[in-house]
Amino acid sequence: MSNNPHSWQPVCPASELTPGQFVEFRLREKAREPEGMPLTGFLFLDGTTPRAYLNICPHLGVELNWMPGRFMDSDNLFIQCSTHGALFKPGDGECIAGPCQGDALTQLDLREQDGQIEIRLPE
């Protein structure tokens, strides 16, 4: 079962998720391009709703954060790509400014199971 790329993966206890905090994690799956590269993601509270995305800018495939746990713009309103400043809406990952406008972050499936937040790649 662990070789199923769409299996649920625990990230952290739900109690660790607090507003303004980002939890970074590595997915079991590897990236297709460049082949075998680790896939990373991040988890946070959007208001009271947990959200998780792959940590990949749709523009160049680079990680978004400029330092560990720092994903938001200076106004703390949007997720920002540290490379080209693209801005993404936290609720749905849509890019609203920057070189990948109209694109979106890859949202991960998310659930709470026995007090743990679990994620998986969408089908």
Quiz prompt | For Arg70, net neighbour charge (Lys/Arg +1, Asp/Glu -1) across residues whose Cβ lies under 14 Å away | solution = -4
Quiz item: On the first, second and third principal axes, largest extent first, how far apart are the outermost C-alpha atoms of the chain in Å?
Solution: 39, 34, 24
Quiz item: How many angstrom separate the Cα center of the range 1-77 from the Cα center of the range 88-115?
Solution: 10 Å
Quiz item: Can you give the charge dipole size of the range 15-74 about its Cα centre, rounded to the nearest 20 debye, using +1 on the beta carbon of Lys and Arg and -1 on the beta carbon of Asp and Glu?
Solution: 120 debye
Quiz item: Which whole-number percent is the relative contact order of the range 8-120 (Cα, under 8 Å, 6+ apart)?
Solution: 25 percent
Quiz item: Taking springs between alpha-carbon atoms closer than 10 angstrom, which of Glu24, Glu33, Glu16 fluctuates most in the Gaussian network model of the chain?
Solution: Glu33
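Only the coordinates and a few stated rules stand behind these numbers; no lab work does. A quick note: this is a predicted structure, and the numbers were derived from the prediction, not measured. Counting neighbours? That spans all protein chains shown, and the Cβs are built from the backbone with ideal geometry, glycine included.
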